[in-house]
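All of the numbers you see were taken from the coordinates with simple rules; none came from a lab. As the structure is a computational prediction, the values presented were derived from the model and not from experiment.
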Amino acid sequence: MLSALANSYFSMLENKYKKVILNKWFWEVVALVVLVGTFAYAFYCTSKGYKFTGKIKLHWPKVWQMGIGCRR
């Protein structure tokens with residue numbers, strides 16, 4: 001009886017939060033792409049003889065001119 005009640009409760013929660021669960025995968029993919037992009041840029045930076053600092057620089061007020069640290 002307790003098992004059936006628990007299954008019913010979990011089923012109700014799954015149906016209630018189905019969109020939230022599906023949305024979680026979107027953010028995990030975004031995080032993975034950002035992580036891979038950062039490692040790829042660090043590899044590119046070091047392969048050209050520069051030093052990757054990893055600092056993000058925003059040029060205020062021109063925010064679209066953003067740079068990620070790559071120094072000589």
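What does the extension gain come out to for GLU14 and SER47, with contour length at 0.36 nm per residue minus their alpha carbon separation? Present the calculation step by step, with values, prior to reporting the outcome.
Numbers: separation 33, 0.36 × 33 = 11.88 nm, distance 4.74 nm.
Additional length available on full extension: 7.1 nm.
Between TRP25 and PHE39, what length comes free when the chain is fully extended (0.36 nm per residue of separation minus the Cα-Cα distance, one decimal in nm)? List each step's numbers first, then the result.
On the way: separation 14, 0.36 × 14 = 5.04 nm, distance 2.12 nm.
Extending this stretch completely gives an extra 2.9 nm.
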